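Below you'll find the structure, written out as structure tokens, and then a few comments.
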Amino acid sequence: MSTNLLLVSPYNVNFYGGVQNQVNLFKNELDSTNFNVRIAAPESSDYDIGKSFRIPFNGSNNPINLIPNKEILEEAISWADIVHIHEPFIPLFFWRLKTSKRIIVTHHAKVSKFIYFGLKFLYLSLRNKSFYSTSVSAEAKANALTLSKKTRVIPNFIVMNKNISYIPNNNYLFIGRNESRKNLKLFEDLSKSINTTNSFIAITNKRSGYDSINYLIDISDDEKNSVIKNVGFYIAPQTHSESFGITILEAINAGNIAICSNLIAFIDLLGDSGIYFKNGNLQSLLNVLNKLNKADLAKIWHKQYDHINKNYNSQKVLDDWIYVYNNL
């Protein structure tokens, strides 16, 4: 007998982002199992809960629906056997719905201390609600503890590319919105600091005035996946409020070596397979790149690829989720 699984998200599923990436992957990968999967989110083809608007949240600017269509959401929940809410902090409207269905919440974001303490007070009355609480990382778990005293960490996942290999092209890649915490500015400064004929590619949402960079604006996932294969070095210069780093996994899975700022989230993500530079420090990044000139790059990439395959491949992580769904 199949199970109806409803994935609920306040983020517009047609815009790129870490939460949207995971929600769409859940549906694509679980549809071949004993689950019927539908999505309730802005612009979902299953249940469109209403228009999204770009709202500043946690240092970013995201397409979010804060007040979903109640009738459509109730219809979706009525269909479901299990309701899996991704990023329960927003919108608050979800928590006003009365349902006896089995509920899972997954926390994706690392929020600021100001938001954290505000939410801790706000959600105090919800601790008695019956739900299974998860988070994608130890950084996100801190937020989850405002809702539940017991939270399980189940990481984000990626469908591993079994046919990829490392090709030493030594070009440079950035993926992320053009906003302060993603720190595209450091990548742009890097392009001016290296005397090289190699390419700098930025997959982003807004162009800056650097002729040294090939800006690819709001391209589709298929276009992105085509572009990032064997670029060379993926630079992750984010400065704060990161809880995971799905684009790091995508870049390694496409044949690139990831070089990351030394955020706790990134160190937790890659462990000793990672290459790190001091957060926000261009000279530290240049020093790391200079050291890599003498390194065995193929060996470094293989170590990173093996690490993400061991910890974040879709088969392993979805087995954990299927166990949770079947044992609620």
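The values are calculated or read from the model by the stated rules, or taken from the named source; none is laboratory data. Given the structure is predicted, the values throughout are model-derived calculations rather than measurements. For neighbour counting, all protein chains shown are included, and Cβ atoms are generated from backbone atoms with ideal geometry for every residue, glycine included.
Among residues belonging to segment 29-40 that are touching a residue at least 40 places away in the same chain (Cβ under 8 Å) and not charged (D, E, K, R), point out the one that is surrounded by the fewest Cβ atoms within 10 Å (Cβ to Cβ). Outline the logic, then answer.
We begin by selecting, within segment 29-40, every residue touching a residue at least 40 places away in the same chain (Cβ under 8 Å); these are 29-30, 33, 35, 38.
From what is left, the residues that are not charged (D, E, K, R) are 30, 33, 35.
Numbers: Leu30: 20, Thr33: 15, Phe35: 20.
Looking at residues that are touching a residue at least 40 places away in the same chain (Cβ under 8 Å) and not charged (D, E, K, R), I get Thr33.
When you check Pro68 against the structure, is it touching a Phe, Trp or Tyr at 6+ places or on another chain (Cβ under 8 Å), within 23 Å of Lys182 (Cα to Cα), at pLDDT 80 or above and not hydrophobic (A, V, I, L, M, F, W, C), yes or no?
no
Check Ser241 against each of (1) out of contact with any Gly (no Cβ under 6 Å at 6 or more places or on another chain); (2) touching a residue at least 24 places away in the same chain (Cβ under 8 Å) and name the one condition it does not meet.
Single failed check for Ser241: (1).
Within segment 1-37, which residues are more than 16 Å from Trp321 (Cβ to Cβ) and part of a strand (DSSP E or B)?
Matches in segment 1-37: Tyr11 only.
List pairs: first residue in segment 197-216 and assigned by TED's automatic domain parsing to the domain that holds Gly176, second residue of a type in the set (Asp, Glu) and modelled with pLDDT of 90 or more anywhere in the structure, Cβ distance under 8 angstrom, at least six positions apart or on different chains.
Once the first residue is assigned by TED's automatic domain parsing to the domain that holds Gly176 and sits in segment 197-216, its partners that are of a type in the set (Asp, Glu) and modelled with pLDDT of 90 or more give Ala202/Glu188; Ser208/Glu188; Tyr210/Glu188; Ser212/Glu188; Ile213/Glu188; Leu216/Glu223.
Inside segment 217-238, can you point out the residues that are touching a strand residue (DSSP E or B) at 6+ places or on another chain (Cβ under 7 Å) and either among the β-branched types (Val, Ile, Thr) or surrounded by fewer than 19 Cβ atoms within 10 Å (Cβ to Cβ) (or both)?
Scanning segment 217-238 gives Ile217, Ile219, Lys224, Val227, Ile228, Val231, Ile235.
Take the conditions within 23 Å of Asp268 (Cβ to Cβ) and touching a residue at least 40 places away in the same chain (Cβ under 8 Å) and apply them to Leu186. Does it pass?
In short, yes.
Which numbered condition in (1) of a type in the set (Ser, Thr, Tyr); (2) surrounded by fewer than 23 Cβ atoms within 10 Å (Cβ to Cβ); (3) in a loop (DSSP other than H, G, I, E, B) is the only one that Ser284 fails?
(3)
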